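Okay, structure first, notes after.
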Amino acid sequence: MTFLLATSLRRCRYSIFRQRFSSLTNPKPPLRFSEEVMQAKSEGKAIVALESTIITHGMPYPQNLETAQEVENIIRRMGAVPATIAILKGQLTVGLTQHQLQYLANVKGVVKASRRDLAPVIASSQDGATTVAGTIIASELADIDVFVTGGIGGVHREGELTMDVSADLTELGRSRTLVVCSGVKSILDIGRTLEYLETHGVTVCAFGATDDFPAFYTTRSGHRPPHRAADAPHAARILHAARQLRLRSGVVVAVPVPQEYAMDENVIEESIQQALENAKKEGIQGKEVTPYILAAVAKATGGASLSTNIALIKNNAKVGADIAVEFQKLKNVSNARNSFNTGSSRNLGTRQFHTACNLRVETSDPVDKVGPFIKNENLTNPVLVIGGANVDRTYRITEDFVQMDGSTHPCVTEQCGGGVGRNMAEALWRLRGGNARLLTAIGDDSDGRYLADIAPGLLLDGCIVKNARTSMYSVLFDSKGECLLGLGDMDIHNQITTQMVDKHIETLEKAPLVVLDGNVPQTTMDYVLQLCHELNKPVFYEPTDRRKAAKVLHSKRYQIAYSSPNIMELRTMAKFLEPNITINEASDINEIINLSKIVTPFINVLVVTMGKKGVITVTHAPIPHNTRKQKLNVHHYAVKELHNVENVSGAGDCFSSGYIHGVLSCFQESHCVSVGFEAAKSALMNKTTVPYTFQISENFSEYFIKTNFYELEY
């Protein structure tokens, strides 16, 4: 089976549920983002990650809470968004609310969570404070580039005997994160720590005018760093160069504590030596050594070390936010360059985006601009998806003989999130770093909560209908996987009303594209089409089913930018527009061309899925200075086979989402189709409807066997 075949089968319930779904005990999504962080990601703002052990293990209450709040506010004042990271009741959380910060600052028994601890803490639904290593892992998962902390771990004194080496160092050697710190904690062996970092390829820079590596409480350690970052723009360029070189190791920017807060080296060293001796006597080992010694040093210095600790973390926050803002500028420039790829007039890219949206192109360069009604900055705003959401469940009987007489049979039950609109919204949310929103209707029941938790922040406010049942589709299989019975309860889709759309009119106005699926009620669909027409807003229509395919053409008044029907849905569209047409069901490119001549005056770009035959794109373009003649640009993309398929249920929806992601990235047509293919492949190789991560290759044509181009006038 090819994954294009799976694309065409997505609307067939019989085929969908013969594949394995995610388990009923499907784990929570790996990350939960705060609303502030989600908004920052959708707007392309700089984000700074912060650890949480400094709150739970580094400082006493109330200094821990006050410092955490002030550090976050410093980052905000610098133009970035803070993202304190912790595990709350087993959920890895990126960005804490004020209530969550207060909880973490007061609660007892929080686990200090490094790499080795993350999985057990999450599995046990415990609270965990992430160390430097744990925070780096979460930052990588959340795609946050800059992380601010007080000091990193290192090789402990007498580490050559005890082999006590912090996991922070190993994590720095296999991550891409830039870590802003005040060097290595003074209680450690700084020389051996720098040697270890060098062995693992970590770029280490002192920040500012100093040529001395700082030692946390003091500005000097007596060790020279390999490199120096003169200022924040310089540090951002170092990180940017590392990303361009695809280095899989991190960057450490060591910022000296402000001189007025620096401590006397001799006093600190004497306090550390005494604390180390006491730790040995009391049998303190492993991850408990650092907080023990820090507390002992604070006591020995009369609290002066705590004041220094607070001062340096605040200073690091200022520097880190500055670096994050500068790096985000470099990323934005690179993204703009990468997005606007050049191509011929036969490419989809921006020119076809203009055509699809009925925009006037003023330049001979097909990728020079986005157009007079679509601003460049709009492309980074969240896509709005309006459509159905439901929970899909399968029941597979394990006995060979089935009695349909009320008998009880043992079975295996599985479930996953479903609904074409919901699937596409989640896929776009993951492909576009959170830049997608879903307007749908779900009940205030356990199924509704299940769907809302799959992609936190995706669902718009007001989509939960009180005292209503979430849409559900269930299917019964025999032991061989043959479908015996399907049941659907989807009346709640009628609650996707015009009033619900009005509540989120601002989201619609800002969206670069609006996606509609065939589950939207006709009245609501017509209303959205009217709004998009008035706003010159492009619409992507996903038919979902042959019986719903023509809903978008109901009024015959509005131009649709894109649609992705299969051949049966395309026939329905053409039959609706010309009821007397005789359709020759040849299922080949000639039939598609003939049907497209009828449909493309209303839908500018058709992306027709053809199963194992591939995908055919058809673009409608009037011939200039000739009001009678029209032109169709037709591309046929054949694809390679894919084996070992896990699940076909979300492949088609992920294909459409990948294609949309390519369009909004201003890729050429072949690139858009390829991104769609790769998104579908990720879905097919995953047990969930929409995979948590997409593996998108940079080799845009790797799945194409051949492409054929036709240019027809009629």
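What percentage of the solvent-accessible surface of segment 192-287, computed with a 1.4 Å probe over protein heavy atoms, is contributed by carbon and sulfur atoms?
Here carbon and sulfur together make up 47 percent of the probe-accessible area.
Sorted by packing (mean other beta-carbon atoms within 10 Å per residue), highest first, where do 40-46, 570-576 land?
In descending order of packing, they fall as 570-576, 40-46.
Using a 1.4 angstrom probe with every protein chain in place, what is the largest-first accessible-area order of Glu506, Glu70?
Largest accessible area first, the residues go Glu506, Glu70.
Between Arg469 and Lys89, what is 0.36 nm times their sequence separation minus the Cα-Cα distance? Round to one decimal in nm.
Difference between extended and current length: 134.1 nm.
Can you give the extra length, in nm with one decimal, that the chain gains between Thr413 and Glu288 once fully stretched, where that is 0.36 nm per residue apart less the Cα-Cα distance?
So the chain would gain 40.6 nm between Thr413 and Glu288.
Using 18 Å as the cut-off for backbone N distance, which residues of segment 450-480 belong to the label zone defined by a point 7 Å from the Cα of Thr497 along Cα→Cβ?
So the set is 460-471.
Which value in nm describes the separation of the simple spin-label points at Gln403 and Ala209, placed 7 Å from the Cα toward the beta carbon?
9.1
Starting from the 7 Å offset along Cα-to-Cβ, what nm value, one decimal, do you get for the label separation of Gln274 and Arg557?
Reported label-point gap for Gln274 and Arg557 is 8.4 nm.
Heavy-atom accessible area per residue, segment 52-177, 1.4 Å probe: how many Å²?
Counting only protein heavy atoms, the per-residue value for segment 52-177 is 37 Å².
Given axes a ≥ b ≥ c from the Cα gyration tensor, I'd like to know whether segment 277-327 is rounded (a/c under 1.5), prolate (a/b larger than b/c) or oblate.
Here segment 277-327 falls in the oblate category.
Using a Förster radius of 35 Å, what is the FRET efficiency between Ser124 and Lys612 based on their Cβ-Cβ separation? Nearest 0.05, please.
0.15
Would you please give the FRET efficiency between Thr199 and Glu506, computed as 1/(1 + (r/R0)^6) with r the Cβ-Cβ distance and R0 = 51 Å, to the nearest 0.05?
0.45
Sketch the reach of a paramagnetic label on Asp461 as a point 7 Å from Cα along Cα-to-Cβ, and name the residues of segment 37-76 whose backbone nitrogen lies under 20 Å away.
So the set is 37-43.
Does segment 154-313 come out rounded, prolate or oblate, given a ≥ b ≥ c as the square roots of the eigenvalues of its C-alpha gyration tensor, rounded meaning a/c under 1.5 and, failing that, prolate meaning a/b above b/c?
Oblate is the answer for segment 154-313, as a/c is 1.5 or above yet b/c matches or exceeds a/b.
Cross-link partners among lysines for Lys185, C-alpha distance below 19 Å, same-chain residues fewer than 8 apart left out?
Lys112, Lys280, Lys287, Lys299, Lys314
Starting from the Cα-Cα distance between Asp445 and Gln39, subtract it from 0.36 nm times their residue separation and give me the gain in nm to one decimal.
Additional length available on full extension: 143.5 nm.
By average Cβ neighbour count within 10 Å, what is the ranking of 129-137, 49-57, 550-558, 211-219 from highest down?
For the peptides 129-137, 49-57, 550-558, 211-219, the packing ranking is 129-137, 49-57, 211-219, 550-558.
So, counting K/R as plus one and D/E as minus one, what does the shell of residues with Cβ under 15 Å around Leu439 add up to?
Combined, the nearby Lys, Arg, Asp and Glu give -2.
For Leu245 and Lys299, what is the calculated FRET efficiency with R₀ set at 41 Å and r taken between the beta-carbons, to the nearest 0.05?
Step by step, r from the Cβ atoms, then E = 0.35.
Could you name the lysines whose alpha carbon sits less than 22 Å from that of Lys613, not counting residues in the same chain fewer than 8 places away?
Lys597, Lys640, Lys681, Lys706
Would you list the P(r) distribution for segment 416-563, with all Cα-Cα distances sorted into 10 Å bins from 0 and each bin expressed as a whole %?
10, 39, 35, 12, 3, 0
Kirkwood Rh, Cα Rg: Rg to Rh for segment 220-317?
Rg divided by Rh gives 1.07.
The values are calculated or read from the model by the stated rules, or taken from the named source; none is laboratory data. No experiment lies behind these values; they were computed from the predicted model shown. No Cβ is skipped: glycine too gets one built from the backbone with ideal geometry, and neighbour counts run over all protein chains shown. Areas reflect the complete protein model, heavy atoms only, side chains present, ligands, DNA and RNA absent. Shrake-Rupley method; radii C 1.70, N 1.55, O 1.52, S 1.80 Å.
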